[in-house]
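A short worksheet on the structure shown next.
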Amino acid sequence: MLQEQKLLSVCWDTMLAKMRQILTQAFVVCLVFMSTQNVVAYEVAVSLGSTADWQATIDMGDSSKWPIVADSSWGVLANLVPIAWLERDQQEAVFRNFKIQRAITELPYNSIDWTGTQGDIAFIESFGLSVPYVFVIDGTAGESMLTREELLRVKDRFADKKIIMNTHSWVSGGDHVESVKDVLDGVCIEYFPHNERFNVAAHVAPFGRWAYENEKILMFLMPPLPDEDQFAHYVTELARIVYEENSDLPKGWMKSDQFIFSPANYTFGASSLAYVPEDDDNTVLGAAKALLMMRPELDAGQTVGVIDDRVVKYDFFQMSAVKDGYIVRLPNIQTNKAIHGRLFNLHRESRLIDLTGKNGQYFWNGKDNDALSVPGGLYILQIMIGGMGFHGKVFVY
């Protein structure tokens, strides 16, 4: 009898162990699935602009000056002047730094090749970038919008791409925009972000609603002033006003890649604005980084943090101080810095607990000179900050 009880106990323990293993595997599979889903947010596409100083463009070849934007921006809005005049190795240095290898090509209508290879697109593709969007402009006068017939011709010429029409006069030409929206994938508002709040609220913000309700791409192309002094402030303020003026729309309405913010370098006359570094509030990439970092403020999706000067993307499924709330994608590298995120800073005792049972636990006290290197896998991250406990699921790759 005692032997039978022992045997029964062993069988029960074995069954429980199997159940735990199956549940753990199912849990891990679910987490992997969740961690690999695309979590959309408004996008930021850096504009390489026509009046930029050659050296300003060359300086973008050093990715250490813009690591966050290089890893997280939508890609590039490519006006090929002056980049087309740089040496090939200088061009490659700029384009290869965009980790998301895609571009929006700017095409004046009168420069479109209707029968052969479109040189602008072929040039960008030669660096390994895809070109899913074509940004079209009239290019012959002050007004930039194309006629319906011209747009239909462009759409037929680039049938495999999304067509975005530029506009300088979306207010007075609002009826025209409305009349051609069925043949457009989106519009671009080219606008100095320095205008007074009432102007942005009255003339720009309504197009946020228009794009949301019509499911169209809306791009904000924002050049600096010739004597610019606080570019990041102006571009983020424009985004904030657009969001606040449409506060009656459903929460998270800007959490969509149909909205693209494009800070630029060009202006009327020579532009003295540099592209880098991104940690300067008065550079193009500084403005781009500021736009990326303010996504949570606008209920607009993931933001970025920095780990050893590399990007960390936070996919927010829910947010809580004491419940599982994060799947954090971390690069599988050795790091000697704390994680700096918008929602929490890892400056106190922390622990990574491996969910797969292979890698054990890792402790980190958050000091800058204490390195932490962990294998790729699924973990629970526990953080103690000021006596409060935070924990969340972590996927390290």
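The values are calculated or read from the model by the stated rules, or taken from the named source; none is laboratory data. Please read these numbers as outputs of a predicted model, since none were measured by experiment. With ideal geometry, Cβ positions are generated from the backbone for all residues, glycine too; neighbour counts draw on all protein chains shown.
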TODO: Can you confirm whether region 78-90 contains a residue that is part of a helix (DSSP H, G or I) and within 22 Å of the chain's Cα centre (by Cα)?
DONE: no
Task: Filter pass, residue 217 being buried (at least 19 other Cβ atoms within 10 Å of the Cβ), farther than 30 Å from residue 158 by Cα and assigned by TED's automatic domain parsing to the domain that holds residue 107 - done: no
TODO: Would you check if residue 195 is surrounded by 15 or more Cβ atoms within 10 Å (Cβ to Cβ), within 24 Å of the chain's Cα centre (by Cα) and on the phi < 0 side of the Ramachandran plot?
DONE: no
- [ ] Confirm whether residue 189 is in contact (Cβ under 8 Å) with a residue 40 or more places away in the chain, assigned by TED's automatic domain parsing to the domain that holds residue 211 and not acidic (Asp, Glu).
- [x] no
Open item on the list: Restricting to region 287-303, name every residue that is over 17 Å from residue 226 (Cα atoms) and small (Gly, Ala, Ser).
Closed with: 288, 290, 300, 301
Open item on the list: I need every pair where a residue in region 102-116 that is more than 10 Å from residue 157 (Cβ to Cβ) has its Cβ under 7 Å from the Cβ of a residue that is among the acidic types (Asp, Glu), sequence separation at least 6 or different chains.
Closed with: 105/120; 109/138; 109/150
- [ ] For residue 61, state whether it is over 22 Å from the mean Cα position of the chain (by Cα) and either small (Gly, Ala, Ser) or surrounded by 22 or more Cβ atoms within 10 Å (Cβ to Cβ) (or both).
- [x] no
TODO: Go through (1) part of a helix (DSSP H, G or I); (2) surrounded by 24 or more Cβ atoms within 10 Å (Cβ to Cβ) one by one and return the number of the condition residue 234 breaks.
DONE: (2)
Task: Condition met for residue 196 (out of contact with any Asp or Glu (no Cβ under 9 Å at 6 or more places or on another chain) and closer than 27 Å to residue 238 by Cβ) - done: yes
TODO: Identify the residue in region 267-280 that is crowded, with 20+ Cβ neighbours inside 10 Å and not hydrophobic (A, V, I, L, M, F, W, C) and, among all such residues, is nearest to residue 295 (Cα to Cα).
DONE: 278
Open item on the list: For the list (1) part of a helix (DSSP H, G or I); (2) modelled with pLDDT under 90, I need the number of the one condition that residue 201 fails.
Closed with: (2)
- [ ] Evaluate region 259-278: report whether one residue or more is in the same structural domain as residue 67 (by TED's automatic domain parsing) and at positive phi.
- [x] yes
TODO: Examine region 38-48 for a residue that is modelled with pLDDT under 90, surrounded by 22 or more Cβ atoms within 10 Å (Cβ to Cβ), in contact with a Lys or Arg (Cβ under 8 Å, 6 or more places away or on another chain) and among the aliphatic types (A, V, I, L, M), and state whether such a residue exists.
DONE: yes
- [ ] Just need a number here: residues in region 237-254 that are assigned to a loop (DSSP other than H, G, I, E, B) and either surrounded by fewer than 20 Cβ atoms within 10 Å (Cβ to Cβ) or polar (S, T, N, Q) (or both).
- [x] 8
